[in-house]
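The values are calculated or read from the model by the stated rules, or taken from the named source; none is laboratory data. Note that this is a predicted model, so its numbers are computed, not measured. Every residue, glycine among them, receives a Cβ derived from its backbone with ideal geometry; neighbour counts consider all protein chains shown. All accessible areas refer to the heavy atoms of the entire protein, side chains included, with ligands and DNA or RNA removed. Shrake-Rupley method; radii C 1.70, N 1.55, O 1.52, S 1.80 Å.
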Amino acid sequence: MRQRRDANLQGGTTLQDEDYLEEEEQEEVIEQLEREGARQQRYVKQLLGFLGVFLAAIYLLFAVHQVVSPYGTRHHFAFVGHLREAAVVAGELGGGASVLLATAAVLLFQQDQPQRLWKQLLQLSATLAMLEGLFWGTAVFRVCRSVGAEGVWRLLWLPVAPLLFYLVSMQAINSLAALTPEVAALKASRYRFKRA
């Protein structure tokens, strides 16, 4: 195609029809965009899947550590006298569940899926992430009121992390969802040459 245009420019004559893609060339471009979209979707799903499972495992590890050795971690120790042991375990498990739900939503995302299970999982993740934010935010506020603000910044990840992971997952799904309609619109805008 490029050679054809270069030849026209060198020869001094240009035909407007020469700038259009042939039907086969249009199909090649669309197939290439579909392959690229599928590759990007696999990459995003693998990346967020790994990150989500890793974060959920960390939450689970903190919950188990709290059961085995109550208030044994630095961030758990700050809540001595402010939260019961079971509340800390529940908070850690809730954070892990929120991350796993968002991860499952990303992994199950399919634009053409009729029941949209991924959407329900994402909504559950958002609800749980907000509840986690309220739970840990209130606990951090109590600690701040009783011992002062010094060193409390180390606890700020507790109310923020699940909500942040939810937002990243939602943005990833929105980006993936935008690919399919763009390729469909490109398919619909193909032109056909009339054969003489």
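Within the bounds of the range 118-126, is there any residue that is in contact with a Pro (Cβ under 7 Å, 6 or more places away or on another chain) and in a helix (DSSP H, G or I)?
No, the range 118-126 has no match at all.
Pairs only if they're at least six apart or on different chains, beta carbon under 8 angstrom, first in the range 132-147 and basic (Lys, Arg), second at pLDDT 90 or above and not in a helix (DSSP H, G or I); list them, first residue then second.
142/82
Among the residues of the range 1-23 satisfying the criterion of being under 17 Å from residue 186 (Cα atoms) and part of a loop (DSSP other than H, G, I, E, B), which is modelled with the highest pLDDT?
The selected residue is 22.
Can you tell me how many residues in the range 82-112 are outside any helix (DSSP H, G or I), open to solvent by 30 Å² or more (accessible area, probe 1.4 Å) and touching a helix residue (DSSP H, G or I) at 6+ places or on another chain (Cβ under 8 Å)?
Just the residues of the range 82-112 that are outside any helix (DSSP H, G or I), to begin with: 82-84, 109-112.
Still in the running and open to solvent by 30 Å² or more (accessible area, probe 1.4 Å): 82, 84, 110-112.
Next, from what is left, pick out any that are touching a helix residue (DSSP H, G or I) at 6+ places or on another chain (Cβ under 8 Å): 82, 110-112.
The qualifying residues number 4.
Of all residues in the range 29-71, how many are polar (S, T, N, Q) and either within 13 Å of residue 95 (Cβ to Cβ) or outside any helix (DSSP H, G or I) (or both)? Can you show your working first?
Initial filter on the range 29-71 (polar (S, T, N, Q)): 32, 40-41, 46, 66, 69.
Now drop any that are not either within 13 Å of residue 95 (Cβ to Cβ) or outside any helix (DSSP H, G or I) (or both), which leaves 66, 69.
Matching residues across the range 29-71 total 2.
Quickly run through the range 151-190 and pick out the residues that are hydroxyl-bearing (Ser, Thr, Tyr), over 19 Å from residue 130 (Cβ atoms) and touching a residue at least 24 places away in the same chain (Cβ under 8 Å). Please lay out each step first, then the result.
Step one: list which residues in the range 151-190 are hydroxyl-bearing (Ser, Thr, Tyr), which gives 166, 169, 175, 180, 189.
Of the ones still in play, those that are also over 19 Å from residue 130 (Cβ atoms) are 175, 180, 189.
Those that are hydroxyl-bearing (Ser, Thr, Tyr), over 19 Å from residue 130 (Cβ atoms) and touching a residue at least 24 places away in the same chain (Cβ under 8 Å): 175, 180.
Which residue is nearest to the chain's Cα centre (by Cα), if the candidates are limited to the range 24-79 and must be exposed (fewer than 14 other Cβ atoms within 10 Å of the Cβ), among the small types (Gly, Ala, Ser) and more than 18 Å from residue 187 (Cβ to Cβ)?
Among residues in the range 24-79 that are exposed (fewer than 14 other Cβ atoms within 10 Å of the Cβ), among the small types (Gly, Ala, Ser) and more than 18 Å from residue 187 (Cβ to Cβ), the one nearest to the chain's Cα centre (by Cα) is 57.
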